[in-house]
Amino acid sequence: MPKSDKMPTPWRHPDHGTYYLRKRVPKDIEEVWNGPKIVQFSLGTKDRREAEIRLCEKWLALQRKFDQLRNQTRLTKDRLPYLIGTWVHQSLEEDERFRFDGTIPRKSNENQYGYSDLIDRLNKGAHSGTHPEFLIREAIWLLEEQNIDYDPDSNEYAAFLDELSSAYAHHLNALSQRDKGRGVATPEPPQRPVMVSEVIADYITHYPKDKATKRKKVIACLSKFIPIVGDRDIRQLKQRDLRDFLDIVQRLPSARGGKQRPEGVPLRDLAGGDVVMAPRTFENNYLSPVRLFLSWARGNYLDEGFPPALTVDGITYRGSRQEGEEKQRAFKPHELERLFLGPEMGKIAGEPKTQSHYWLPLLGLFTGARINELCQVNPAEDIEEVAGVLRLTLTTESEPGEDIAKSIKTGTPRTIPIHPKLIELGFKVLLRVEN
């Protein structure tokens, strides 16, 4: 089970005390998930023990839904040859078995109508764009049998119906020839295409877990590849796709300190005209991960058709930024005194609305943690008192708050004792209020 799918603990609503199952949708299925990124179901009880029992049942049902989406693939034009070839093979093989031993009946519409009538209806549907009902039923059956996700209003689905209509007509002609005693061979089943998304997922799965920082960069980089370039059969991946991807990512707006990506806006549409990325960021976070991925894919998917000549050699940084131009200097002693002992800190200390402005710098000072790590802390799970020592654990294992995606430096959990000075300043009182 993926780490992100760890079973959560019941969450108690602070207003009315009812327990809920709350869980962030795993990142690997966000693209195909329809609904909020935080899933929340009422457990219908205020009793903690009963809530834990009910949570197990709902959690298993949610896991089944997650797994179903993981195994589901999208309908793309690259998949059409495989789908149509599979249908032709299955249909003619089924007819062969019927002719030899009579165990498998013909399709009902083939018994009810003559071949010529069905072919005429298929041809009319192909010209008018309104395909006959029996073709629609066959299309839906095939997509469901192959566990393919599709949008009935999409261009891909329309192209699929057109291809299937033509294949169905050839299938009926083959049946007619067989009825006349002429041999029509059943074609071999087509080789299932390996999609780029599958190779990326396999690479991430096999990436060494002990290299947490590099693994995080690899995931951040390759998770953008399909949304920008699109998914396809690995045999169709071209050098221009790599150039396109590495050009687009250089022009994406920086996420540091800025707004999150707007919902529903494709990454490609967010890219501006100018390069905003620093050259070292481009090399370390994009060029290097893609180079390593290509090397791994050549070694593991060459037999399946991964193009061996793909390379990032010759793809360069296109911006004008220089190394170190935004390097930040350290605080000077008098600046630190102003930050922690100045009148501004004293003013916000007594304001409930600005308490985070007061506590986050202090926690950073006494723990050495990054501010973004501290912002992800779940007080109910990540702060505890053991043997009289209050301690804070920075981890991605515990349940995050709503709309929070946890990440920590190096990816390794660490536990830090709370400094006595923080307790003296009222940190324990803050925890009681928060809980």
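Couple of notes before you dig in:
- Selection of first residues in segment 45-65 that are within 26 Å of residue 27 (Cβ to Cβ) and of second residues that are loosely packed, with under 13 Cβ neighbours inside 10 Å and modelled with pLDDT of 80 or more, restricted to Cβ pairs under 7 Å at least 6 apart or on distinct chains, gives an empty result.
- Criterion: farther than 30 Å from residue 154 by Cα, modelled with pLDDT of 85 or more and touching a Phe, Trp or Tyr at 6+ places or on another chain (Cβ under 8 Å) - qualifying residue of 48, 106, 97: 48
- Enumeration of residues in segment 167-177 that are touching a helix residue (DSSP H, G or I) at 6+ places or on another chain (Cβ under 7 Å) and touching a residue at least 60 places away in the same chain (Cβ under 8 Å): 167, 171, 172, 174, 175, 176
- Of residues in segment 181-211 being over 30 Å from residue 95 (Cα atoms) and in contact with a Lys or Arg (Cβ under 8 Å, 6 or more places away or on another chain), the one modelled with the lowest pLDDT: 209
- Qualifying residue in segment 167-174 (condition: part of a helix (DSSP H, G or I) and touching a strand residue (DSSP E or B) at 6+ places or on another chain (Cβ under 9 Å)): no
- Test set (1) at pLDDT below 85; (2) exposed (fewer than 13 other Cβ atoms within 10 Å of the Cβ) - residue 268 fails condition number: (2)
- Complete set of residues in segment 365-399 that are among the acidic types (Asp, Glu), surrounded by 14 or more Cβ atoms within 10 Å (Cβ to Cβ) and out of contact with any helix residue (DSSP H, G or I) (no Cβ under 7 Å at 6 or more places or on another chain): 381, 382
- Restricting attention to segment 324-361 and to residues that are touching a helix residue (DSSP H, G or I) at 6+ places or on another chain (Cβ under 6 Å) and among the aliphatic types (A, V, I, L, M), the residue that is modelled with the highest pLDDT turns out to be 360.
- Pick from segment 297-310, criterion touching a residue at least 24 places away in the same chain (Cβ under 8 Å) and loosely packed, with under 15 Cβ neighbours inside 10 Å, ranking: nearest to residue 193 (Cα to Cα): 300
- Filter result (under 17 Å from residue 213 (Cβ atoms) and without any contact (Cβ under 8 Å) to a residue 40 or more places away in the chain) within segment 267-281: 281
- In segment 273-364, counting only helices (runs of 4 or more DSSP H) that sit wholly within it, the ones holding 2 or more residues that are over 30 Å from residue 375 (Cβ atoms) span 288-301.
The values are calculated or read from the model by the stated rules, or taken from the named source; none is laboratory data. The structure presented is a predicted model; accordingly, all values stated were derived computationally and were not measured. Every residue, glycine as well, gets a Cβ built from its backbone with ideal geometry; the counts of neighbours run over all protein chains shown.
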